[in-house]
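One structure is given below, encoded as structure tokens.
What follows draws every value from the coordinates through simple rules; no lab data is involved. Keep in mind that what you see is a predicted model, and the values were worked out from it rather than measured. Ideal geometry is used to build each Cβ from the backbone, glycine not excepted, and the neighbour counts take in all protein chains shown.
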């Protein structure tokens, strides 16, 4: 049934809010597609003053008032218990399920989805793999790898670990190249054999 908007009041217990940008998107969606309100009327109950209190559609009511609409379609839920009304107030606003972002990205216009109020994440740009076709790629990768420090795991017995750690820390704090020091020592020891 269609009722004058001044006979509908928001639910004071409504836990949902709407931010400015999303509110503007909601208003725009109502302006662009007003028949949506007829297919999805507000769910209300009648209070003791004869006003219709919204259980489902508080944000739509707010947007409709802001747009200056004179009447809105409602469905009454007067037969519900107070517990059922409270349950509906929450369940109507719970988003069950999840969006299939791949499907949305493939089959829908992202800009349009944003205009309709859906917060669409930014999708990564496609990766250009054409660099992998470069004939000189192996040498470029080797050049890059040759200019990167590499590590070798050296095992220490538990009773030597703390001393080795402190020595390496000592030399690193003095900007010494510990790898070169180890190589020189190992060369000398090898020559003794």
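A few remarks follow.
- Normalised by 2.2 N^0.38 Å, where N is the number of residues, the C-alpha radius of gyration of the stretch 46-104 stands at 1.45.
- Estimated purely from DSSP H runs of n ≥ 4, each contributing -39500 (n - 2.57), the mean residue ellipticity at 222 nm for the chain is -14000 deg cm²/dmol once divided by its residues.
- Crossing angle, helix 58-67 versus the chain [Cα axis fit, 0-90 degrees, rounded to tens]: 70 degrees
- Looking at the chain alone, DSSP beta bridges between its own residues are antiparallel in about 60 percent of cases.
- Per residue, the convex hull around the alpha carbon atoms of the stretch 1-83 comes to 94 Å³.
- In summary, the convex hull built on the alpha carbon positions of the chain has an orientation-averaged projected area of 24.6 nm².
- Relative to the longest principal axis of the Cα atoms of the chain, helix 20-32 runs at roughly 50 degrees.
- Considering all C-alpha pairs of the stretch 150-193, those separated by over 18 Å amount to 38%.
- Modelled this way, with points 7 Å down the Cα-to-C-beta line, the labels at residue 1 and residue 147 are 7.9 nm from one another.
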